[in-house]
Amino acid sequence: MRIALCEDEKMHAAVTQDIIRQWSASREQDVEIAIYESAEAFLKDFHRGVKYDLSFLDIHLGGMSGIDLARSIRQFDMSMLIVFVTNFRDYVFEGYEVSAFRFLMKPVKERGVVEALNAASEICRRRGESYFTIVKEDAINRIAKSGIVYFATQNHYIHVHTFDGVHVIRGKMSSLDDEFAKPMFAKCNRGIMINVEHISSIRKDQVSMVNKETLPLSRVYWEELNRCYIAVHVTPAAEKFRQSARS
């Protein structure tokens, strides 16, 4: 698992790094740890193609804040698990905007870091096994489900929209129901099923996705889609914030 620490206080970075190394040794799990003293340095590597499975971002940094860093990351990457580290408890709602994975209060405690590592490790394990296989006459493609933004039907074909492009397969939307279930995947109208993890905002008649596409939202599906969004984004984040505040 590749882990980044963005922390401008060297003591806090060292403490978190030691906890991660002890966890890695006890679990016999390989980890790579990179430490950044500024959001700008982190972002520079990110735009060079350096990716992490998990990041611990201090909200209060000398220049760009951890929240702004997370917003920049989310424009291109929705799969990175982001743990915010802060002295204050006033950022939970901003954390919702960038799908925060955890909130840890300073000074960080071993229990909170270990719980985040355990949960992140399990998510990474599941992601590694979660692919959608597209079989065509001339090729077979395996697509990470986390990289699917939405499905759209047209005539007798399904268009699979991902961050890397569009794949077209023959079939009906109903054929996807078992493999892409609620609340992670939900319809916004009869012909479009979206990955709820990649929703940027929901309005009365449209859904904005993190890849900047806007999709029409049918009145029939509005309530159901909102329930799925709350189940995926709001409820877990609120519970994780309560747990981290207690630890």
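Each reported figure results from applying straightforward, stated rules to the coordinates on display, with no laboratory input. None of the values given here were measured: they were computed from a predicted structure. Glycine also receives a Cβ, built like all others from the backbone with ideal geometry; neighbour counts cover every protein chain displayed.
Bridge orientation summary for the chain: considering DSSP beta bridges with both residues in this region, about 60 percent are antiparallel. Distance between the C-alpha centres of region 27-51 and region 156-182: 33 Å, rounded to the whole angstrom. Mean-square fluctuations from a GNM of the chain, with a 10 angstrom spring cutoff on Cα atoms, peak among F151, F185, F132 at F132. Among the listed pairs K44/K212; K51/K145; K51/K109; K182/K204; K10/K44; K51/K187, those whose Cα-Cα separation exceeds 28 Å are K51/K187.
What does the charge count around N189 come to, taking other residues whose C-beta lies under 11 Å from its C-beta (Lys +1, Arg +1, Asp -1, Glu -1)? Charge balance in the 11 Å sphere: +2. Among residues other than S174 with Cβ under 15 Å from its Cβ, the summed charge is +2 (Lys and Arg +1, Asp and Glu -1). Given the choices (1) 1.26; (2) 0.99; (3) 1.04, Rg/Rh (Cα atoms, Kirkwood Rh) derived from the coordinates of this structure is entry (2). The GNM of the chain, with springs linking C-alpha atoms under 10 angstrom apart, assigns the highest mean-square fluctuation among L176, L61, L43 to L176. Taking a Cβ cut-off of under 12 Å around Y52, the surrounding Lys, Arg, Asp and Glu residues balance to a net charge of -2, with basic ones at +1 and acidic ones at -1. The ranking of E223, E213, E37 by Cβ neighbour count inside 10 Å, starting from the fewest, reads E223, E213, E37. Of T153, T86, T16, T214, the sequence from fewest to most neighbouring Cβ atoms within 10 angstrom is T214, T153, T86, T16. Ranked for footprinting exposure by Cβ neighbours inside 10 Å, fewest first, S130, S200 give S130, S200.
Pick from G112, G147, G191: which is most flexible by mean-square fluctuation in a GNM of the chain where alpha carbon atoms under 10 Å apart are linked? Per the Cα network of the chain with a 10 Å cutoff, G191 tops the list.
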